[in-house]
Structure formats: C-alpha cells, structure tokens
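Chemist: Below: one structure in structure tokens.
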Amino acid sequence: DESKMDSSKVLILSNVKIKNLKNGATMRYILVPEKEADLRSGKLSVNSPIAKGLLGKSIGEKVEIAVPAGNIQFEIVEISR
C-alpha cells in the first residue's frame, strides 16, 4: 500500500525534487531500478551517482554529489510517492 510507504527519506521509487544550490535550478526525479531508468522521462537509476547521494536523506538536507562535471551541491526540497 503506497499510502503506508515512508516519504520522510529518499528510497527506491521515491519522487524527489532537488535544488542545485549553485544555479538555483530545480529538478524532479523518480528513483528506479537500473533496468527501468530513463532520464528523458525523469526516471533515475538508483545506481547513478546522484541517486546514491540522495538515498536515505531527508527533506531540507544538503548533499554534495560528485558528477562528471565536478561536485554539485543539492538541497532536497520534496519527497513523495
């Protein structure tokens, strides 16, 4: 039952809105298993660097994630199911 799923922390199948603290851009992703990943439709693999940096975190937390372009700081704005 999805209504009983924890939305206080980022988990697999979470719908997460994050804000890039460097440029203020916001993005929304759903964290999915590797085989369901499709970046064009906002489905981010849980094995990706961004997802790994977000898993287990809560709303308001700031995380620094290493991506090919360097380190980027994000703030978790919203978590839903």
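Chemist: Dividing the alpha-carbon radius of gyration of the chain by 2.2 N^0.38 Å (N being the number of residues), what value is obtained?
Modeler: Taking the Cα Rg and dividing by 2.2 N^0.38 Å, one obtains 1.02.
Chemist: Only Lys, Arg, Asp and Glu count, each charged at its Cβ (+1, +1, -1, -1), so figure out the dipole size of the chain about its Cα centre, rounded to 20 debye.
Modeler: 180 debye
Chemist: At a Cα cut-off below 29 Å, give the lysines reachable from K35, other chains included and same-chain residues fewer than 8 away excluded.
Modeler: The qualifying lysines are K4, K9, K17, K19, K43, K52, K57, K62.
Chemist: Gain in length, L13 to I59, computed as 0.36 nm per residue apart minus the alpha-carbon separation, to one decimal in nm?
Modeler: Net length gain for the segment: 15.0 nm.
Chemist: Continuing with this model, one more query. Can you compute 3J(HN,Hα) from phi for each residue in region 66-76, using the Karplus curve 6.51 cos²θ - 1.76 cosθ + 1.60 with θ = phi - 60°, rounded to whole Hz and x for Gly and Pro?
Modeler: 7, 10, x, 7, x, 8, 10, 9, 10, 10, 7
Chemist: Another one. Express the relative contact order of the chain as a whole percentage, based on alpha carbon pairs under 8 Å and six or more residues apart in sequence.
Modeler: 36 percent
Computed from the coordinates by the stated procedures, all read-outs in this text should not be read as laboratory data. Since this is a predicted model, take the numbers as computed values, not measurements. Cβ coordinates were reconstructed from backbone atoms using ideal geometry, including for glycine residues, and neighbour counts include every protein chain displayed.
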